[in-house]
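Working notes, structure below.
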């Protein structure tokens, strides 16, 4: 038996010690002294030499390995090639609306935000490696996002309020929009009967309504008596509980009553406010005029919120148009009419709008269009 190199010697070998040659000679000498054949001694020496060589190579490779680079002092983490600064991380916390009642919860929340950033960035870097950022559709989305972001940063998300003079001038120029036609408010009694009812039922209904009309016409308080009669005999469910009150009616507006009833109501005058008995396909009607409003123009104070809304929309559109016009003036545009004319547009039976798409975030078409 021969003695193997001592632990100290083995450590020297692992460290790539310069005494490796001496150790190899020592192994060979001890093998020969022990009476081993010279071939075995040489094999042992070769074995020790090879082990030492591999250990030296490993030591050299380990030394060549790049040491970890310290992160910048103002950074939270490095995710692949992206360094997340403290400012960026704080902004991400603010953007996500993260809050915590104590430091323990704050630490947990910070960890959640960081893990979310790692998830997102790992996908972004894989997508970039896969070339998604070079795909036409992705580039179109990026361009639209850039255009919208530039617009919002330049114009802002709010528009200056119009002045009092601007509001007044717009109101005066569009006063016809605030015209109110004459309105009428009346009372109504309806008695309905089946279309195929006999003459006897029809005559009984007419006789009853004739008596009611005569009583109303002779009453010193016709409005009160009409209301009482409507609650008692009217078949119109919408006005019966209201004493026959029709509410304010505008000319030309559809109502649930026959056109002849509406026309009669608007034809009545204060001197003769009670109609004759009206016979329609739906039954018999009796109407009475209560009030009338003449045509009028709504005052500026009444419609100020509506005017302000319209003027602000007008000013916003003008401002956006000027913004687009200025941007277009700073860029050259060259067209190839022949190629443009060769592009096929799908046909459709539907009516197509010729208005170009709006700039993202605006309602303003390109100024090159009418």
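The table for this structure:
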| item | result |
| --- | --- |
| Residue in segment 118-137 that is more than 30 Å from residue 76 (Cβ to Cβ), outside the structural domain of residue 283 (by TED's automatic domain parsing) and surrounded by 12 or more Cβ atoms within 10 Å (Cβ to Cβ) present | yes |
| Selection within segment 146-173 - surrounded by fewer than 13 Cβ atoms within 10 Å (Cβ to Cβ) and part of a loop (DSSP other than H, G, I, E, B) | 156, 157, 158, 160, 161, 163 |
| Residues (surrounded by fewer than 10 Cβ atoms within 10 Å (Cβ to Cβ) and part of a helix (DSSP H, G or I)) located in segment 315-351 | 329, 337, 338, 339, 340, 341, 342 |
| Matching option when the condition is on the phi > 0 side of the Ramachandran plot and at pLDDT below 95, among 238, 283, 198 | 283 |
| Flag if residue 213 is over 55 Å from the mean Cα position of the chain (by Cα) and buried (at least 17 other Cβ atoms within 10 Å of the Cβ) | yes |
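Here's the yes/no breakdown for (1) free of Cβ contacts under 8 Å to residues at least 60 places away in the same chain; (2) surrounded by fewer than 16 Cβ atoms within 10 Å (Cβ to Cβ); (3) within 30 Å of residue 317 (Cα to Cα):
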{"position": "180", "(1), (2), (3)": "no, yes, yes"}
{"position": "183", "(1), (2), (3)": "no, no, no"}
{"position": "229", "(1), (2), (3)": "yes, no, no"}
{"position": "244", "(1), (2), (3)": "yes, no, no"}
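The values are calculated or read from the model by the stated rules, or taken from the named source; none is laboratory data. This one's a predicted model, so the numbers in the text were calculated from it and none came from an experiment. Here the Cβ is made from the backbone with ideal geometry for all residues, glycine too, and neighbour counts use every protein chain on show.
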